[in-house]
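As structure tokens, the structure follows; a few thoughts come after it.
Quick note: the coordinates plus some simple rules give every number you see, no bench work behind them. Quantities reported herein were computed from a predicted structural model and do not represent experimental measurements. FYI the Cβ positions are ideal-geometry reconstructions off the backbone, even for glycines, and counts take in every protein chain you see.
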Amino acid sequence: MDTGVEGRTVLLAGGTSTAGRSVARALRTAGQTAIVIGSDAGRLASVAAEIPGVVTERCDLTDPDAVAALRERVRAAHGGVDGILHLVGGWRGGGGLAGQSDEDFVFLLNSLTALRNVTRAFDADLRASDAGRLAIVSSTSVARPLAGEANYAAVKAASEAWTRAVAQGFAKSARDAGTAPSAAAVVFRVKSLAGLEDALALAFLGLWGDPAEDINDVTIELAGA
């Protein structure tokens, strides 16, 4: 089975961040089609100007109808996707448990909502690929949550659970079909992405160098030197 990087089509959900740009550059250098998804037209234009050959799509990933329309555009233009990196996020917290406001929780939930929408919309694409890969960026706070970031850690934990459920679906699909696994879902955990953007890009691209069965439902902690 071909698990090489070149020629793949990859979505970067929430990819206009510093980390997203780093991954997009690495994807383009490796010969992949990088599709950066964002909601801000100005930031998307900046990415397009900064990274030659990158594809940008404006979409509200918290809107399931908008994501369904995105899926149809991507399929029409590229025939499907081979990978997704979920970078929709943001941090809000502090103030101990009393400081965990409903407003902050609703804001943080956008990341989980986007993950649910995107993975459901593109699940068939990842399963159909001979090397489908899904990865999310989570936080070490899931393993050791603090009162002042309870909202954040809870949403990250839920996102990890959702990703692990996707991984189980990949494994079951291959098992039911009597075929070798081809799709894998992975969780990357970081304390902070600052300074780890290139490490994330390297680790994400490296997923295509490993057999799906070896990395499906695996948690990988990224740390600085």
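Could you list His78, His86 so that the one with the fewest beta carbons within 10 Å of its beta carbon is first and the one with the most is last?
Numbers: His78 15, His86 27.
Final ranking by Cβ density, sparse to dense: His78, His86.
Under a plain spin-label model, where a point goes 7 Å from the Cα along Cα-to-Cβ, how far apart in nm are Ala69 and Arg175?
Spacing of the two 7 Å Cα→Cβ label points: 3.9 nm.
Could you tell me which of rounded, prolate or oblate describes the range 149-203, using a ≥ b ≥ c as the square roots of the eigenvalues of the alpha-carbon gyration tensor, with rounded for a/c under 1.5 and, failing that, prolate when a/b is larger than b/c and oblate otherwise?
Oblate, since a/c reaches 1.5 and b/c is not below a/b.
Please arrange Asp63, Asp214, Asp82 by how many other C-beta atoms lie within 10 Å of their C-beta, fewest to most. Could the numbers behind the result be given before it?
Values: Asp63 15, Asp214 9, Asp82 23.
The order, fewest Cβ neighbours first, is Asp214, Asp63, Asp82.
State the Cα centre-to-centre distance between the range 182-202 and the range 8-81 in whole Å.
What the calculation gives is 17 Å, centre to centre.
Cut-off is 10 Å between beta-carbons; in what order do Leu202, Leu193, Leu115 appear when sorted fewest neighbours first?
With the fewest neighbours first, Leu202, Leu193, Leu115 line up as Leu202, Leu193, Leu115.
Could you give the size of the charge dipole of the range 9-221 about its Cα centre, using +1 on the Cβ of each K and R and -1 on the Cβ of each D and E, expressed in debye and rounded to the nearest 20?
For this selection, approximately 100 debye.
With a ≥ b ≥ c the root eigenvalues of the C-alpha gyration tensor of the range 104-174, is it rounded (a/c under 1.5), prolate (a/b larger than b/c) or oblate?
Here the range 104-174 falls in the prolate category.
Test of understanding: in a Gaussian network model of the chain with alpha carbons linked when under 10 Å, which of Gly31, Gly14, Gly80 would top the mean-square fluctuation ranking?
Result: Gly31 has the largest fluctuation of those listed.
Rounded to the nearest 0.05, what FRET efficiency is calculated for Phe105 and Ala161 with R0 set to 25 Å and r the Cβ-Cβ distance?
Step by step, r from the Cβ atoms, then E = 0.90.
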